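What follows is a set of notes on a single structure, which appears directly below.
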Amino acid sequence: MAHPLIDQLRFTRSEWLRALDGVSAQDALHRFEPMNSIGWTVGHLAWQEQRYWLTIPQGQTPVPELNTLVGYGRPATTPPLADMLTAWRTITNMADTYLDQMTSADLANPIEIRGWITTTPGSLMLRVVYHYWYHIGEIMAIRQQLGHANLPEFVGNIDEEMPYRPE
C-alpha cells in the first residue's frame, strides 16, 4: 500500500482528469490572457512531476522538451492537448513506480535542489498536490469562459475514494 500522501496525489490527479473530461482539442488551445491554455496546463503539471520525481531524484527526463515548452517562467505556448496528455501519462506512470516505494522516512529526508531550495520530498509532494488544485480551478474558469455547461463540482467523492487514513 502506498503512503497516504502518495494516495492523495493520485486522488488529486483523478480530480484533475475529471476537470479535463470533455475538453476538445480546439478548446484546449484557447488562451484567456493572462491565463495559459489548458494544453499548456497539462504539459506544465507533467513537467513538474517529471522534475520532482524523475529528473531530480533519478536523473531521468523522458520528455525533455517540456522544459522549454511549458516549464516555469518560459514564454506562453499553446501545445496540443493530446500531446501533453501523452507526456503526462508517460511521466506519471514512470513516477508512480518511484513514488510507490516512498516511506515516511524517505518523504522527510532533506534534499537540496540545485540553486533553488533545501526541502523534502514530502514538501515537494504537497507542492505538487496544491499545484494541481490551483490549476483545476483555472481549468474550470477557462471552461466557464468557453461556455461549457454541467461542469463537475469539486471535490468529488472523497469520502469513498480517498478518505482520511493515518499512516
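FYI, it's all coordinate maths here, none of it is from the lab. From a predicted model like this one, the values you see are computed outputs, not experimental measurements. Note: ideal-geometry Cβ built from the backbone for every residue, glycine included; neighbour counts use all protein chains shown.
Quick look at the values:
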| quantity | calculated |
| --- | --- |
| Interchain or long-range residues, amide H under 5 Å from Ile111's placed H | Thr119, Thr120 |
| Cβ-based exposure ranking for Val23, Val70, Val129, Val155, in which fewest neighbours within 10 Å come first | Val155, Val129, Val23, Val70 |
| Per DSSP, loop trypsin sites (Lys or Arg not before Pro) in region 57-135 with at most 13 further Cβ within 10 Å | Arg114 |
| Equivalent ellipsoid semi-axes, region 107-160, via Cα gyration tensor eigenvalues times 5, rooted, Å | 33, 16, 4 |
| Förster-model FRET efficiency, 22 Å R0, Ala82 and Glu138, C-beta, rounded to 0.05 | 0.65 |
| Candidates per chymotrypsin sites (Phe, Trp or Tyr not before Pro) in region 21-51, loop by DSSP, up to 15 other Cβ within 10 Å | Phe32 |
| The chain, relative contact order in percent, only Cα pairs under 8 angstrom and at least six apart counted | 34 percent |
| Neighbour-count ranking [beta-carbon atoms within 10 angstrom, fewest first] of His135, His148, His30 | His148, His30, His135 |
| Charge tally in the Cβ shell below 10 Å around Ile38, where Lys, Arg are +1 and Asp, Glu are -1, Ile38 excluded | 0 |
| Net charge, Asp83 excluded, C-beta distance under 14 Å - Lys, Arg +1, Asp, Glu -1 | 0 |
| Value at 222 nm in deg cm²/dmol, rounded to 500, when DSSP H runs of n ≥ 4 in the chain each add -39,500 (n - 2.57) | -16500 deg cm²/dmol |
| Inter-label distance for His131 and Thr119, nm, one decimal - labels placed 7 Å from Cα along Cα-to-Cβ | 0.7 nm |
